[in-house]
Amino acid sequence: MDATSLRLLAFVHPVWMVASIVLALSTASLGLRIRRQRAAGRVVSPGLRRRHLHLGKLAIAVAAAGFALGPVSMGLLRDRAVFDSFHGILGIVVTGLFLWTGHSGRALARGDAEARGLHRAVAGSAIATALLSAVAGFTLLP
């Protein structure tokens, strides 16, 4: 494979991860709508809850797949050490936070109202850390 093709392939991971952040922010927006409805004493529509769950599962899956693409991009496409950067370490943390968000969301979906505060805090932390990781990744762009 020529150098130009390798350089272009090296952008797959960053673009993929930007898409995962957009999905996560969209999911968070739906979650905040659910929270506002609940706080106002209104019944949350099953459709809104279903969209939030569906988009959340997709966002977590896309983020996890993107995490797997990172080492491939660094090791195979750019011949650089894998996880030998602040961005790489943050990637591990972000993935764990997104998985924890999914776990707490599953508990909520199964009726465990006590998981609500944890879910909100972990989801916010996951998104904030993902944004920090994106900024840290700028120095690694090809």
Neighbours by Cβ (under 7 Å, 6+ apart or cross-chain): first from the stretch 25-37, modelled with pLDDT of 95 or more; second open to solvent by 90 Å² or more (accessible area, probe 1.4 Å) and assigned to a helix (DSSP H, G or I): L30/R51; I34/R49
All but one of (1) touching a helix residue (DSSP H, G or I) at 6+ places or on another chain (Cβ under 9 Å); (2) open to solvent by less than 70 Å² (accessible area, probe 1.4 Å) hold for A113; which doesn't? (1)
Within the stretch 60-103, tally of residues that are open to solvent by 40 Å² or more (accessible area, probe 1.4 Å), in a helix (DSSP H, G or I) and of a type in the set (V, I, T): 4
Residue by residue through the stretch 123-142, note down the ones that are farther than 17 Å from A61 by Cβ, hydrophobic (A, V, I, L, M, F, W, C) and in a helix (DSSP H, G or I). A128, L131, L132, A134, V135, A136, F138, L140
Looking only at residues in the stretch 33-59 that are surrounded by fewer than 13 Cβ atoms within 10 Å (Cβ to Cβ) and hydrophobic (A, V, I, L, M, F, W, C), which one is nearest to I127 (Cα to Cα)? A39
Tell me the residue from P71, P46 that is modelled with pLDDT of 95 or more and either of a type outside the set (A, V, I, L, M, F, W, C) or within 30 Å of G31 (Cα to Cα) (or both), please. P46
For the stretch 43-59, which positions are assigned to a helix (DSSP H, G or I) and among the hydrophobic types (A, V, I, L, M, F, W, C)? L48, L53, L55, L58, A59
Would you mind stating whether A3 is of a type outside the set (S, T, Y), farther than 26 Å from L140 by Cβ, surrounded by fewer than 18 Cβ atoms within 10 Å (Cβ to Cβ) and over 20 Å from the mean Cα position of the chain (by Cα)? no
So which residues in the stretch 119-142 are open to solvent by 30 Å² or more (accessible area, probe 1.4 Å), within 19 Å of S26 (Cα to Cα) and hydrophobic (A, V, I, L, M, F, W, C), if there are any at all? A121, A128, L131, L132, A134
Within the stretch 24-50, how many residues turn out to be touching a helix residue (DSSP H, G or I) at 6+ places or on another chain (Cβ under 6 Å), farther than 23 Å from L131 by Cβ and of a type outside the set (A, V, I, L, M)? 0
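The values are calculated or read from the model by the stated rules, or taken from the named source; none is laboratory data. The model shown is predicted, which means the values in this text are computed figures rather than measured ones. Here the Cβ is made from the backbone with ideal geometry for all residues, glycine too, and neighbour counts use every protein chain on show. Note: areas computed on protein heavy atoms with side chains; ligands, DNA, RNA excluded. Shrake-Rupley method; radii C 1.70, N 1.55, O 1.52, S 1.80 Å.
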